[in-house]
Amino acid sequence: MMADDWIARDVAAIARIPAVPSILDVICRTTGMGFAAVARVTEDRWVACSVKDDIAFGLAPGGELKIETTICNEIREHREPVIINDVDKSSFLTHPTPALYGFKSYISMPIVLPDGRFFGTLCAIDPRPAQLENPEIVAMFKLFAELIAFHLDAIDRVAVSEASLSNEREMSALREQFIAVLGHDLRNPLAAIDAGIQTLGRDSLSPRGLSVIDLTKGAVRRMSKLIDDVLDFARTRMGDGIIVQRKPVVIGQVVQHVAAELRAAFPDKIITEEFLPMEKLLCDPARLAQLFSNLMANAITHGSPESPVHVRAVTIDDSFEFSVENAGDPISPQAMDRLFAPFARGDIRSNQQGLGLGLYIASEVASAHGGAITVTSTDAATRFTFRMPAGEGVEL
């Protein structure tokens with residue numbers, strides 16, 4: 001940053017401190033002096049940042065005095081206040097500055113920032129003598145100078161924090177864009193693998209070959225789900241959110257289809273279903289299928305292996321309700337706090353597979369439908385319940 005830019009920034013910083021005009025007004029009223037200012041003082045510059053001028057001194061904020069014609073340059077060097085009641089009765093009688101600017105009384109207090117940097121001075125002048133060398137006046141100037149220094153330091157800290165936050169946001173956006181592009185580009189090779197499996201499946205293969213094809217199909221399904229999860233996560237984090245396309249569907253059929261897929265993936269697991277009644281719901285069936293699948297897969301993964309997973313879908317008054325219940329160890333209070341946070345898989349079970357996005361995405365899908373997911377977990381059972389308003393979307 002150029003020197004002029006730094007000076008302009010410091011002048012603007014003083015202008016951002018609401019108390020400064022009041023400080024200058026109090027100084028003039030208390031001392032009887034007609035001019036008071038906050039000045040930015042460097043080795044070669046004296047720049048007024050804020051001014052109260054009742055004597056037509058002719059200096060406005062941003063105005064400059066030649067540093068060699070001021071006493072403030074000496075204050076910058078030794079960082080001690082200079083106080084003159086009457087130039088004619090002081091050691092400054094022959095100093096060129098009082099005669100140049102036509103003042104008899106003068107007081108200037110250094111403004112030193114908390115980290116030790118010299119900022120400038122809080123000063124006042126008047127063409128008449130004034131009684132300034134008393135403890136009350138000196139203490140007032142010192143207090144005001146420290147207050148200004150405190151505010152300047154706070155402004156600097158806020159600026160650094162904002163710059164750091166802006167940089168972090170940019171890096172976060174780049175990471176999420178990378179995730180989105182990566183997830184999208186992975187679909188092409190995955191589609192090629194799936195097409196190759198389908199082609200091989202039509203040939204006559206040995207039992208071992210068929211087994212390998214089944215294993216590969218399962219791997220493709222899992223990879224496809226991981227890609228979907230990554231893309232959905234990237235969309236939500238970049239502010240796009242989960243996109244839903246509503247249409248009337250028999251929601252019970254969607255639940256049954258998801259349950260059938262999970263039975264195929266987990267043949268040893270019992271999944272029971274209850275529907276009261278079978279109705280049409282205005283929703284995005286693919287997104288709700290994703291929600292149902294994530295909740296049911298979560299129950300299968302974390303529930304007791306010997307106990308069934310119970311699924312219930314029902315319309316109650318003006319709400320659609322879908323719940324999944326499983327037996328097993330209850331969810332700990334620590335895990336409950338982060339249950340729907342992304343990448344929180346280790347909070348529930350340290351050996352859980354996947355990215356830990358399933359419940360997060362399920363909650364985002366629920367929110368996109370104007371609903372929410374709640375959880376209860378006891379020694380007897382853990383139940384996830386999704387509710388969304390049915391309203392005019394339900395058709396008998």
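The values are calculated or read from the model by the stated rules, or taken from the named source; none is laboratory data. All figures in this text were calculated on a predicted structure; none of them were measured in a lab. So basically every Cβ, Gly included, is an ideal-geometry build from the backbone, and we count neighbours across all protein chains shown. Remember, those area values only see protein heavy atoms, side chains included, never the ligands or the DNA or RNA. Shrake-Rupley method; radii C 1.70, N 1.55, O 1.52, S 1.80 Å.
Per atom type, the chain shows carbon and sulfur on 55% of its accessible surface, probed at 1.4 Å.
Relative to the longest principal axis of the Cα atoms of the chain, the long axis of helix 3-15 lies at roughly 90 degrees. Need one word for region 7-110: rounded, prolate or oblate. Basis is the Cα gyration tensor (sqrt eigenvalues a ≥ b ≥ c); a/c below 1.5 gives rounded, then a/b vs b/c decides. Oblate. The residues neighbouring Thr70, those whose beta-carbon lies less than 11 Å from its own, together hold a net charge of 0 under the Lys/Arg +1, Asp/Glu -1 convention. Rounded to whole numbers, the Karplus 3J(HN,Hα) couplings from phi for region 315-320 are 9, 10, 6, 9, 10, 9 Hz, using 6.51 cos²θ - 1.76 cosθ + 1.60 with θ = phi - 60°, and x at Gly and Pro.
Helix 135-201 and the longest principal axis of the C-alpha atoms of the chain enclose an angle of approximately 20°. Each helix, a run of at least 4 DSSP H residues, gives -39500 (n - 2.57); summed and divided by the residues of the chain, these come to -16000 deg cm²/dmol at 222 nm. Values (i) 38, 21, 20; (ii) 77, 24, 18; (iii) 85, 22, 19 are given for comparison; semi-axes √(5λ) of the Cα gyration tensor in Å, derived from the coordinates here, is the one labelled (ii).
Per-residue 3J(HN,Hα) values for region 357-373, derived from phi via the Karplus relation 6.51 cos²θ - 1.76 cosθ + 1.60 with θ = phi - 60°, read 9, x, 6, 4, 5, 4, 5, 5, 5, 4, 4, 5, 8, x, x, 7, 10 Hz in sequence order (x marks Gly and Pro).
Comparing Cα centroids, region 96-118 and region 143-173 end up 27 angstrom apart.
Ranked by the mean number of other Cβ atoms within 10 Å of their residues, highest first, the peptides 39-51, 189-201 fall in the order 39-51, 189-201.
Once the Cα atoms are used to define both axes, helix 19-31 deviates from the longest principal axis of the chain by about 20 degrees. Rolling a 1.4 Å probe across the protein heavy atoms gives the chain an accessible surface of 54 Å² per residue. For the chain, a crude dipole built from +1 on the beta carbon of Lys and Arg and -1 on the beta carbon of Asp and Glu, taken about the Cα centre, is about 840 debye to the nearest 20. Scalar couplings 3J(HN,Hα) for region 97-108, obtained by applying the Karplus form with A = 6.51, B = -1.76, C = 1.60 to θ = phi - 60°, are 5, x, 5, 5, 9, x, 10, 9, 10, 7, 8, 9 Hz; x denotes Gly and Pro. Counted over the chain, the DSSP beta bridges are approximately 90% antiparallel. Centroid-to-centroid, using Cα positions, region 1-33 and region 293-324 are 65 Å apart.
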